[in-house]
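Undergrad: First the structure, then my questions, so here it is.
What follows draws every value from the coordinates through simple rules; no lab data is involved. What you are looking at is a predicted structure, and each value in this text was computed from that prediction instead of being measured. Please note: Cβ atoms are built from the backbone with ideal geometry, for glycine as well, and neighbour counts cover all protein chains shown.
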Amino acid sequence: MGIRQSMRFAAVLAALACLSGRLAADQANPRIAARDQLSVTVVGVKEWTSRYPVAVDGTIEFPQIGRVKVDGLTAREAAELLSAKLKDGKILVNPQITVEFEQTPNKKVTVNGLVRTQGEISYAGDLTVLAALVKAVNPLRLRFF
């Protein structure tokens, strides 16, 4: 491998390392999107602790509140929003709520081309094209001509 190829390879590895770090951060705090399934736990109110599907318009139907827009929020932000609405509406005094993504991803994207893992990638929340490529690429097998 010549010096030019080595420099290109090092640059690509550095870029992938940066993207991988960003992808890890995105995966740690995924954003809620349409068709996600959320598991909402309301401490002390068993009837409201349940799974809630996110509608195409980005909302969930929550008891006593009605439709709540959660699209684009993290699970923590959705929990804070639900808590605030329950508190502001004087429905609960000090609501303790947690929101989590269901374990089974309900969306898929197909990645083809010069990547390590071709085919469908399942995910929940949002996934950018760049994030899908980072999931599918194998930097150790990159070849430069």
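Undergrad: Under a point-charge model restricted to the Cβ atoms of Lys and Arg (+1) and Asp and Glu (-1), what is the dipole moment magnitude of the stretch 37-101 relative to its Cα centre, in debye to the nearest 20? Before the final figure, lay out each step's value.
TA: Working: 8 positive and 8 negative charges, 38 e Å.
With Lys and Arg at +1 and Asp and Glu at -1, about 180 debye.
Undergrad: Within 12 Å, Cβ to Cβ, of P63, how many net charges do the neighbouring residues add up to if Lys/Arg are +1 and Asp/Glu are -1? Please list the in-between numbers first.
TA: Details: positive: K46, R67, K85; negative: E47, E61.
Neighbour charge sum, excluding P63 itself: +1.
Undergrad: Pulled fully out, how much extra length does the chain show between N112 and D57, if you take 0.36 nm times their separation in residues and subtract their Cα-Cα distance?
TA: Details: separation 55, 0.36 × 55 = 19.80 nm, distance 2.98 nm.
Gain in length upon complete extension: 16.8 nm.
Undergrad: Taking every pair of Cα atoms in the stretch 37-101, average 1/r, invert it to obtain the Kirkwood radius, and report Rg/Rh to two decimals. Spell out each step's value before the answer.
TA: Working: Rg = 10.6 Å, Rh = 11.6 Å.
On the Cα set of the stretch 37-101, Rg over Rh gives 0.91.
Undergrad: On to the next question. Points 7 angstrom from Cα along the Cβ direction at V93 and A34: gap in nanometres?
TA: Going from the V93 label point to the A34 one covers 4.2 nm.
Undergrad: In what sequence, highest mean first, do 107-120, 69-82 appear when ranked by Cβ atoms within 10 angstrom? Before the final figure, lay out each step's value.
TA: Numbers: 107-120: 12.1, 69-82: 18.6.
Result, highest mean Cβ count within 10 Å first: 69-82, 107-120.
Undergrad: Set the bar at 29 Å for Cα to Cα. Now go through K46/K135; K69/K107; K87/K108; K46/K69; K85/K135; K87/K135 and name every pair that lies beyond it.
TA: On the way: K46/K135 38 Å; K69/K107 20 Å; K87/K108 37 Å; K46/K69 22 Å; K85/K135 37 Å; K87/K135 40 Å.
From the list (K46/K135; K69/K107; K87/K108; K46/K69; K85/K135; K87/K135), the Cα-Cα distance tops 29 Å for K46/K135; K87/K108; K85/K135; K87/K135.
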